[in-house]
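Have a look at the structure below before the remarks.
The values are calculated or read from the model by the stated rules, or taken from the named source; none is laboratory data. What you see is a predicted model; the values in this text were computed from it and never measured. Ideal geometry is used to build each Cβ from the backbone, glycine not excepted, and the neighbour counts take in all protein chains shown.
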Amino acid sequence: MIFRNGQYTKYKGFHLMIQTIRDDDDKIILIWIGKDCPLKQFYYEKAEDGFVSIIDKNELTNAYLVKTFGYYKGYKFQIFSRSGSSEVSIATSELLAYQRLSLIKIAENWFGEDVMPNELESTWEEYFETLNLPLPDDIQLSQ
């Protein structure tokens, strides 16, 4: 199971991950995660473990930021997929969760651990604006 976090766009009918090269660059990297990419201009990139294409930033008509959240032992966490692992990383800034669940301190006010996806009580995605572009028509802004 893949838990998405990052910038995405709906491009030619497909939801693709976006990576910017530099903030001031006018190029965007589109990433298709998976084995078979139906988009002809994409090429396999081992570092991304998927297919990529570089396009002009002005070709993007929409973009969105996605974050995946879930509940673990009654506390809300952000969830991150781990490449090459069946576990996921969970993280929170909630001090009470850190204390009660004996979490690892990742950074200042950021705590977490690795768990199996089936240990999560529920999961969901939240969507936000990014790159000063509208959201795709099938994505709704999270409250």
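Remarks
- From the list Asn62, Asn58, the lone residue that is in a helix (DSSP H, G or I) and either out of contact with any strand residue (DSSP E or B) (no Cβ under 7 Å at 6 or more places or on another chain) or touching a residue at least 12 places away in the same chain (Cβ under 8 Å) (or both) is Asn58.
Each row is one residue, and each column tells you yes or no for (1) touching a Lys or Arg at 6+ places or on another chain (Cβ under 7 Å); (2) at pLDDT 95 or above.
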site	(1), (2)
Lys105	no, yes
Asn109	no, no
Gly112	no, yes
Trp124	no, yes
Tyr127	no, yes
Pro136	yes, yes
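- Number of the exception - Gln19 against (1) in contact with a strand residue (DSSP E or B) (Cβ under 8 Å, 6 or more places away or on another chain); (2) in a loop (DSSP other than H, G, I, E, B); (3) surrounded by fewer than 17 Cβ atoms within 10 Å (Cβ to Cβ); (4) free of Cβ contacts under 8 Å to residues at least 60 places away in the same chain: (2)
- Matching residues in region 38-53 - criterion: being surrounded by 13 or more Cβ atoms within 10 Å (Cβ to Cβ), part of a loop (DSSP other than H, G, I, E, B) and at pLDDT 90 or above: Leu39, Phe42
- Single residue of Glu125, Glu119, Glu113, Glu108 found to be closer than 16 Å to Asn5 by Cβ, among the acidic types (Asp, Glu) and out of contact with any His (no Cβ under 8 Å at 6 or more places or on another chain): Glu125
- Checked against the criteria, Ser86 counts as over 16 Å from the mean Cα position of the chain (by Cα), assigned to a loop (DSSP other than H, G, I, E, B) and over 18 Å from Pro136 (Cα atoms).
- Checked against (1) exposed (fewer than 15 other Cβ atoms within 10 Å of the Cβ); (2) part of a strand (DSSP E or B), Asp24 passes all but condition (2).
- Scanning region 117-127 for residues that are exposed (fewer than 13 other Cβ atoms within 10 Å of the Cβ) and either aromatic (Phe, Trp, Tyr) or within 18 Å of the chain's Cα centre (by Cα) (or both) yields Ser122, Trp124.
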